[in-house]
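*Asks:* Questions regarding the structure given below will be posed in turn.
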Amino acid sequence: MSGLFLTHLELSHFRSHKRAVIDAGTRPIAIYGPNGAGKTNLLEAVSLLSPGRGLRRAKIDEIGRQPENLGWKVAGVLQSLGQSHEIETRAAAGSSRTVQVNGKTVPQIALAQMARIVWLIPAMDRLWLEGAEGRRRFLDRITLSFEPSHAEVSVAYEKAMRERNRLLKDMVRDAMWYTALETKMAQAGAVIIENRTRALQRLHAAMENAQTAFPRADLSIEGPDDTPLIADEAGLATALAASRPLDMRAGRTLVGPHRVDLQAIYSDKSVPAKLCSTGEQKALLLSLILANARALAEDFGAPPILLLDEVAAHLDADRRKALYEEIFALKAQAWMTGTGLELFEELDTRAQFVEVSEIDGTSTISGL
């Protein structure tokens, strides 16, 4: 089987699901049921078959089903570019998360070699209205989908910055200590900005070359408070050294890639995304997710698995239909949730439908 599809998903003591099994094909999966039934938990489980903390960014001990507190497990069979992989990730109560592929323990980063998983969740609907931190996280997730090593360089930058912040809080004034850490931060920071910039270039190209019903966004990375972006290693090292007195007063590092912001303009209207209507903002987000998927299909050799939580919110019937048609055109396996079956009526028989309900705190699934 070519392409990228999850053909089997099994959960054990995961969130509200005591046990759940879904066997799927290449079709999109439409998951419906009332709020709180456990629909998003299924998408979160799929997201944990990729590196990182999943679509909720949850801590390990928050995921296991309560009150049993036995730990949790997610297992899946992934068909990727003609190869089959049995993937399992789990965590016993009080333990760290482990990953196995075909029975062998591997680091999380190994999952990125087999699959790309992209998601859109309701918390992102306010992406353009809230603080820069959420937009950086959104940008870094997209960047990671193109360049898995982005995670490692980001960890190196954060580690050096934490040590520098400790010096600042302790009011250490020895320049030698700062120089060593700032050199590491500048080296990693320049790579972070380069990775992010390349990711935006890939998105722009994917939007430019596509016939789509969703609006095009012009994206840019800016420094904090509209200051110029410092992208090169030497410039970052100089800026960090110059900022020491101000940073010492603040007790933290105020310059660097951890402070930049992602800006978006609705191209056809030349209007910043933050000033667009709620529906337009959702359409812009979907445009970016679809562009990400198109670009990954070229780079990886298959479109990513799409996780679209409450995707129909703020979309009228015409735009819902347009979204579903784009998913089919991509030949992507999309796992989508919604409160009612009517939100997926445009899919007809082209999708697999799964109903989720909840009784006494336990989720059950049917319609497989």
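The values are calculated or read from the model by the stated rules, or taken from the named source; none is laboratory data. Only a predicted model underlies this, so the values are computations on that prediction, with no experimental measurement involved. Note that we place each Cβ from the backbone using ideal geometry, even for glycine, and neighbour counts take in every protein chain shown. These accessible areas exclude ligands, DNA and RNA; they are computed on the full protein's heavy atoms, side chains included. Shrake-Rupley method; radii C 1.70, N 1.55, O 1.52, S 1.80 Å.
*Asks:* Hey, which of these cross-link pairs are over 28 Å Cα-Cα: LYS18/LYS321; LYS282/LYS331; LYS269/LYS321; LYS39/LYS59; LYS39/LYS331; LYS39/LYS321? Kindly include the intermediate steps, with their values, before the conclusion.
*Replies:* Numbers: LYS18/LYS321 34 Å; LYS282/LYS331 22 Å; LYS269/LYS321 23 Å; LYS39/LYS59 19 Å; LYS39/LYS331 23 Å; LYS39/LYS321 21 Å.
Where the Cα-Cα span goes over 28 Å, the pairs concerned are LYS18/LYS321.
*Asks:* Could you list the trypsin sites (Lys or Arg not before Pro) in the stretch 130-237 that lie in coil according to DSSP, counting only those with at most 15 other Cβ atoms within 10 Å of their Cβ? Could the numbers behind the result be given before it?
*Replies:* Values: sites: ARG135, ARG136, ARG137, ARG141, LYS159, ARG162, ARG164, ARG166, LYS169, ARG173, LYS184, ARG196, ARG198, ARG202, ARG216; in loops: ARG173, ARG216.
Here the sparse-neighbourhood loop sites are ARG173.
*Asks:* Of all the accessible heavy-atom surface of the stretch 50-146, with the other protein chains kept in place and a 1.4 Å probe, what percent is carbon and sulfur?
*Replies:* Details: 2310 of 4710 Å².
Roughly 49 percent, rounded to a whole number.
*Asks:* Among the GluC sites (Glu not before Pro) in the stretch 43-76, which ones are in a DSSP loop with at most 15 other Cβ atoms within 10 Å of the Cβ? Mind listing them? Numbers along the way, then the final one.
*Replies:* Details: sites: GLU44, GLU62, GLU68; in loops: GLU68.
The qualifying sites are GLU68.
*Asks:* Here's a follow-up. Below 15 Å, Cα to Cα, which aspartates and glutamates can LYS159 reach? Residues fewer than 8 away in the same chain don't count.
*Replies:* GLU182
*Asks:* Please report, as a whole percent, how much of the solvent-accessible surface of the stretch 168-286 comes from carbon and sulfur atoms (probe radius 1.4 Å).
*Replies:* Details: 3240 of 5980 Å².
That share works out to 54 percent.
*Asks:* Counting other Cβ atoms within 10 Å, keep those with at most 14, restrict to DSSP loop, and tell me which chymotrypsin sites (Phe, Trp or Tyr not before Pro) in the stretch 119-201 are left. Don't skip to the end; give the middle numbers.
*Replies:* On the way: sites: TRP119, TRP128, PHE138, PHE146, TYR157, TRP177, TYR178; in loops: TRP128.
Loop-located and lightly packed - none at all.
*Asks:* Continuing with this model, one more query. For a test of the definition: using alpha carbon positions, the gyration tensor, and the 1.5 limit on a/c, classify the stretch 269-368 as rounded, prolate or oblate.
*Replies:* Note, shape of the stretch 269-368 comes out oblate.
*Asks:* Among 284-294, 305-315, how do they line up from the highest to the lowest mean number of other beta-carbon atoms within 10 Å?
*Replies:* Working: 284-294: 23.8, 305-315: 21.9.
Highest-to-lowest ranking by the protection proxy: 284-294, 305-315.
*Asks:* Using a 1.4 Å probe, what is the accessible area per residue for the chain, in Å²? The partial results should precede the final answer.
*Replies:* Values: 16620 Å² over 368 residues.
So the chain comes to 45 Å² accessible per residue, rounded to a whole number.
*Asks:* Another question, if that's okay. In deg cm²/dmol and to the nearest 500, what is the mean residue ellipticity at 222 nm of the chain if only DSSP H runs of at least 4 residues count, each as -39500 (n - 2.57), divided by the residue total? Display every interim value, and only then the final one.
*Replies:* On the way: 8 runs with 132 residues, N = 368.
One gets -12000 deg cm²/dmol as the mean residue ellipticity at 222 nm.
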